[in-house]
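The values are calculated or read from the model by the stated rules, or taken from the named source; none is laboratory data. For clarity, every value in this text was computed on a predicted model and none was experimentally measured. A quick note on method: Cβ atoms are made from the backbone with ideal geometry, for glycine too, and the neighbour counts reach across all protein chains shown. Remember, those area values only see protein heavy atoms, side chains included, never the ligands or the DNA or RNA. Shrake-Rupley method; radii C 1.70, N 1.55, O 1.52, S 1.80 Å.
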Amino acid sequence: MTVGEDSGGILLRFGPGIPVEEQDVLRARWRTEAAIPASPRSRRGRRGWIVTTAVVAIAAVLLWLLLRPAPAPEVVSVRVQAPAGPLHCGQTADLIGVVTTAGHGGPVTYRWLRADGQDSGELVRTAHRGERRVRVHLRWTARGPGRFRGTARLRIAHQPAPMEAKASFAYVCP
């Protein structure tokens, strides 16, 4: 109910409403203080950042799973086979190391140690899953006249204690 000034009374307002004189001031204040709604573009930017982060995280996990080092297979035994007969002038001995595993795939780390002091350094041969016998070779060429007995040891590195086997061959050159 509004009592008008024509009746000589006081202006009274009941209920919601803002005096006309104050409406323009309040409208101006409302326009400057109102929160600006997020634009669709900024929402897309946030979604894009979240999607990019998720993709990078998934790619990192997959890369780690693919590139992590495989555990070494359990080595059950090792032996070395040398040529049965003597080698003659300039021939090459092919010593064959046979590493028997439990059948799990993974890297087999080994080295050849020759009796003349030569060391092959650490070598790696990857055993495939289900492969129980891994063969590795040492080729030893002898030259010049003389006689000697060549002995080579095959040492497997990744066991609680290194495993070794050795074999020898004879060289004869008149």
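Just a few scattered comments:
- Number of residues in segment 156-174 that are more than 30 Å from G146 (Cα to Cα) and either in contact (Cβ under 8 Å) with a residue 60 or more places away in the chain or open to solvent by less than 10 Å² (accessible area, probe 1.4 Å) (or both): the value is 4.
- Within segment 63-77, the set of residues being surrounded by 10 or more Cβ atoms within 10 Å (Cβ to Cβ) and either assigned to a helix (DSSP H, G or I) or touching a helix residue (DSSP H, G or I) at 6+ places or on another chain (Cβ under 9 Å) (or both) comprises just one member, L63.
- Residue ID - nearest to A161 (Cα to Cα), chosen from residues in segment 53-62 that are open to solvent by 70 Å² or more (accessible area, probe 1.4 Å) and modelled with pLDDT of 90 or more: I58
- In summary, S120 fulfils each of the numbered conditions (1) in contact (Cβ under 8 Å) with a residue 24 or more places away in the chain; (2) in contact with a Lys or Arg (Cβ under 9 Å, 6 or more places away or on another chain); (3) surrounded by 15 or more Cβ atoms within 10 Å (Cβ to Cβ) with the single exception of condition (1).
- Pairs are defined by a Cβ separation below 8 Å, a sequence spacing of at least 6 or placement on different chains, a first member in segment 71-91 that is closer than 30 Å to H158 by Cα and modelled with pLDDT under 95, and a second member that is part of a loop (DSSP other than H, G, I, E, B) and open to solvent by 80 Å² or more (accessible area, probe 1.4 Å); the pairs so defined are P71/H104; P73/H104; E74/H104.
- Scanning segment 84-102 for residues that are in contact with an Asp or Glu (Cβ under 7 Å, 6 or more places away or on another chain) and part of a loop (DSSP other than H, G, I, E, B) yields a total of 1.
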